[in-house]
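Presented below is the structure to which this report refers.
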């Protein structure tokens with residue numbers, strides 16, 4: 001058989017791009033540990049010391065009341081101190097049974113242990129136009145297109161709001177249209193933020209309507225509220241803390257995020273930046289559990305790195321990759337549901353720089369056991385842009401990374417001594433052996449747009465690079481894949497209640 005000819009595997013992979021896949025085999029990370037056991041303990045002790053003796057400023061009244069009732073103290077300079085006993089009790093009793101639900105069965109994400117899942121993310125103000133290849137301001141339609149593209153990509157299991165709908169006229173319109181575009185665009189679990197604490201109720205009402213009632217949503221919540229509850233270094237963001245409280249009370253899972261920038265808003269040292277991020281995140285977790293002991297809270301220290309020559313954020317270096325892997329390791333140290341940022345390439349297009357920066361960062365975070373890796377696909381230009389063809393490129397990359405995290409299954413069957421003996425005494429090769437055919441489907445991940453053909457076949461087919469092939473694949477998906485999970489009556493109900501920027505035609509439905 002001539003090497004490189006198209007196979008049924010190629011055709012199946014292409015077909016999978018136009019169907020919503022069931023979440024595949026779960027990868028278990030945690031084998032990669034950039035911190036030694038003594039170093040983990042040192043980070044932990046430094047975190048407890050910071051929270052107990054320095055604390056955080058700008059705490060909101062309800063937080064002060066709750067923390068001081070549990071032994072905390074407000075200093076003369078209005079810093080809220082968190083006693084180590086309270087922090088340790090929080091970690092010990094925090095929920096570890098978090099499941100992020102989709103709008104349909106079969107899309108559940110179990111965030112326990114070292115299970116690894118990939119997500120979009122970014123809240124970028126710009127998109128790389130699929131037709132012109134140039135950056136422009138993003139719209140609600142672009143956000144919807146990104147969501148439905150992710151809906152069709154098998155290795156991206158979660159959709160975190162990737163773009164800002166800059167055609168929204170005010171914060172409430174932004175939040176309403178963000179929630180609608182994401183929830184209409186994909187049945188996978190969605191994460192968004194809220195522009196104002198008062199808007200949490202409106203977002204909740206949208207979710208309750210889609211779920212068929214508040215009780216139904218609370219039983220299987222399909223949307224997470226992301227909250228950057230701090231303004232590093234070691235200060236609470238007052239409105240964000242109010243949002244965190246409102247989201248928990250409304251039944252949302254919450255992602256508690258600290259995102260200081262090493263050398264700017266956190267220490268320049270990798271270890272120092274890590275300590276501050278973990279301390280700030282644990283402070284938010286303490287508050288979340290005091291609001292509701294059963295809060296579905298995700299521990300999300302997401303320390304970033306600055307290029308110290310300019311002070312600008314840079315997401316593509318080795319420093320960012322190892323810092324995020326260490327943050328994921330601390331999540332495993334506490335055994336908390338953990339989210340990380342990885343994949344913030346500084347490249348402006350899906351080129352070689354894009355590939356090596358993303359692969360390094362996402363691989364390390366995944367191998368370290370981060371449960372939910374946001375910004376793992378689509379993001380470019382240090383979070384300033386989203387590329388739709390990059391989603392398709394990155395989907396292939398994520399498939400390979402997730403397969404590597406699954407590792408090597410060693411058992412009497414997989415060691416295959418009997419198969420080796422059978423083949424050696426028989427045909428002398430494994431190509432047609434039943435075990436090969438079984439393993440072909442169970443153990444191997446096949447890319448959709450990466451090219452494995454011979455140079456001759458590739459040249460005869462036009463010699464197209466991966467970015468060009470990915471752009472064609474993205475166009476094909478967007479031309480045909482209009483998710484229909486949002487019920488017709490629900491869509492019309494939401495349109496009666498809210499001013500939606502997406503028309504019925506935009507979502508592939510008659511007026």
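The values are calculated or read from the model by the stated rules, or taken from the named source; none is laboratory data. For clarity, every value in this text was computed on a predicted model and none was experimentally measured. Note that we place each Cβ from the backbone using ideal geometry, even for glycine, and neighbour counts take in every protein chain shown.
What to note about this one:
- Residue list for the range 410-432, filter: at negative phi, assigned to a loop (DSSP other than H, G, I, E, B) and loosely packed, with under 11 Cβ neighbours inside 10 Å: 410, 411, 425, 426, 429, 431, 432
- Options 459, 435; residue that is more than 30 Å from residue 96 (Cα to Cα), assigned to a helix (DSSP H, G or I) and at pLDDT 95 or above: 459
- Filtered by the rule that a residue be in contact with a strand residue (DSSP E or B) (Cβ under 8 Å, 6 or more places away or on another chain) and part of a loop (DSSP other than H, G, I, E, B), the range 110-138 gives 111, 113, 114, 120, 121, 122, 123, 125, 129, 134, 138.
- Hey, residue 182 touching a residue at least 24 places away in the same chain (Cβ under 8 Å), surrounded by 21 or more Cβ atoms within 10 Å (Cβ to Cβ) and over 17 Å from the mean Cα position of the chain (by Cα) or not: no
- Considering 349, 344, the condition of being part of a loop (DSSP other than H, G, I, E, B) and either free of Cβ contacts under 8 Å to residues at least 12 places away in the same chain or surrounded by fewer than 24 Cβ atoms within 10 Å (Cβ to Cβ) (or both) is satisfied by 349 alone.
- Considering residues of the range 212-235 that are free of Cβ contacts under 8 Å to residues at least 40 places away in the same chain and assigned to a loop (DSSP other than H, G, I, E, B) only, the residue farthest from residue 107 (Cα to Cα): 213
- Residue satisfying all of: in the range 283-304; touching a strand residue (DSSP E or B) at 6+ places or on another chain (Cβ under 8 Å) and part of a helix (DSSP H, G or I); surrounded by the fewest Cβ atoms within 10 Å (Cβ to Cβ) among these: 289
- Residue within the range 307-330 that is out of contact with any helix residue (DSSP H, G or I) (no Cβ under 6 Å at 6 or more places or on another chain) and more than 30 Å from residue 128 (Cβ to Cβ) present: yes
- Qualifying residue in the range 115-133 (condition: touching a residue at least 24 places away in the same chain (Cβ under 8 Å), in contact with a helix residue (DSSP H, G or I) (Cβ under 7 Å, 6 or more places away or on another chain) and more than 22 Å from residue 393 (Cα to Cα)): no
Conditions tested, residue by residue: (1) in contact with a strand residue (DSSP E or B) (Cβ under 8 Å, 6 or more places away or on another chain); (2) closer than 30 Å to residue 216 by Cβ; (3) in a helix (DSSP H, G or I); (4) modelled with pLDDT of 95 or more.
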residue	(1), (2), (3), (4)
59	yes, no, no, yes
63	yes, no, yes, yes
66	no, yes, yes, yes
71	no, no, no, yes
76	no, no, no, yes
86	no, no, yes, yes
90	no, yes, yes, yes
95	yes, yes, no, yes
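- Boolean, residue 33 is closer than 30 Å to residue 153 by Cα, modelled with pLDDT of 95 or more, out of contact with any strand residue (DSSP E or B) (no Cβ under 9 Å at 6 or more places or on another chain) and buried (at least 18 other Cβ atoms within 10 Å of the Cβ): yes
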